[in-house]
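Following: one structure in structure tokens, then a few remarks.
Values in this text are rule-based calculations from the coordinates and carry no lab data. Keep in mind it's a predicted model, so treat the numbers as computed, not measured. Neighbour counts run over all protein chains shown; Cβ positions are idealised from the backbone, glycine included.
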Amino acid sequence: MNRASVLSALLLAALAHAQQVGREDITLNFGDFQSKAQWTYPGSTTRKLPAVLLIPGSTPADMDFHVYGADGTLKSSIFKDLASGLATRGIATLRYNKHYVSGPRQVDAQKFYTQADLGMFLRDAETALQAMEQNPRVDPRRVFVYGWSEGSTVAAALAARHPELAGLILQGPVVLPWRQLFEAQFNEVQLPHLRSVVGDALTNDNLPQVLAGKGGLVAKSVGAYFADPVQAQQGKFVVNSALDANRNGRLEVDAEIVPGFRAVLDSAFRPQGFFSIYSPNRALPTVTAQVQQLKLPVLVLQGRNDANTPVSHLETLETAFRKAGTRATVKVYPGLGHTLGPAASVIDDDFRPIAEQPMQDAADWIGAH
């Protein structure tokens, strides 16, 4: 086959793939906010469809869950890819913008960071689930909920309220209490990355390398913990002198960074702190803490090189499943990260596009339920 024929065949295949997916834009009423949402359907079918509600992870996420790098480059759109991938496998999905999010990088930040909490996200998911159950194209006996990362806690709480659901899918679930989770990220991902870049001390000269050099999003974000917060808001990144105990202009990794991280976390979990949404009065319980309330089949999809929810703690959830007698299937993928996209290590986990195998496994599991 010559080059022109190959290109023609690829074009026809792409067109055929596009024709297999139908989309319908809707609006969900979240009370003080009208959220744009989208159905994605398998094409050319009149039968009642299995359907999956996609519940997003942290950050002000749009319905496609666009992830951008520090330079503005789009890294992945996992929920858009999931919706298309499941549609080509005969499964409908509904996804939506999070509360106060109007689109990619369009958010009412003041409201999102001061008024939104996980209880609100659970109420929003209830609204989306009602829309799913009222859709005449959906088989009401085959409705599934899919929660990713932060969304795993929302999805678990929703499933606990709705045991009539056909199943619960958790991607990169939150297993540890929230503060312990951030401590695990620091100790297992961020601190090793920091040492590899700066050696014994963080300085004004090497801080830019930590923030924008090699490494994945979680690994590089360690620099933000130790940058001066006031100057960072003005676009200038220098080390936080408040953590410089010996006043030498450097943050020694062992003497100042490690103990300083505890102080940074304390501040982050206070009201108005950047982790305050995960404080006890604003968060939902971890998935582990909710296992006893789950009376439906559960599928867990976990990347072995996940930097956000490290696989080293997954056994805690598996133990809880066994004790509760939960019908759980756990799949761990070597070489994949938090988005279930390629990641050579936890430090390299950079939120790349989702691989085909997890989507196929999810579709197969849905087909069996």
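With r as the distance between the Cβ atoms of Thr45 and Arg262 and R0 = 45 Å, compute the FRET efficiency 1/(1 + (r/R0)^6) and round to 0.05.
So, using R0 = 45 Å, E works out to roughly 0.25.
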- Task: Eight or more residues apart or on different chains, and alpha-carbon atoms under 21 Å: count the Lys pairs in the chain matching that.
- Result: 13
- Calculated from backbone phi, Karplus (6.51, -1.76, 1.60) coupling profile of segment 84-95 in Hz, x at Gly/Pro: 5, x, 6, 4, 5, 10, x, 10, 7, 9, 10, 9
- Query: If you place +1 on the Cβ of every Lys and Arg and -1 on the Cβ of every Asp and Glu, how big does the dipole about the Cα centre of segment 141-225 come out, in debye to the nearest 20?
  - Reply: 360
- Item | Where labels lie 7 Å past Cα in the beta-carbon direction, separation of Ala344 and Asn204 in nm | 3.3
- Message: Suppose we keep just the DSSP beta bridges with both residues in the chain; what percent of those would be antiparallel, to 5?
- Response: 50
- Message: For Ala328, what residues show an amide H to amide H distance below 5 Å, using hydrogens built from the backbone and excluding near sequence neighbours?
- Response: Val298
- Item | Inter-site label distance for Gln34 and Glu126 at 7 Å from Cα along Cβ, in nm | 2.3
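With +1 on the Cβ of every Lys and Arg and -1 on the Cβ of every Asp and Glu, and nothing else charged, how large is the dipole of segment 179-277 about its Cα centre, in debye rounded to the nearest 20?
Dipole magnitude for segment 179-277 comes out near 240 debye.
Please identify every one of the trypsin sites (Lys or Arg not before Pro) in segment 65-107 that sits in a loop by DSSP and has no more than 13 other beta carbons within 10 Å of its own beta carbon.
Those satisfying the criteria are Arg105.
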- Could you give the distance between the Cα centres of segment 86-161 and segment 175-243, to the whole Å? 31
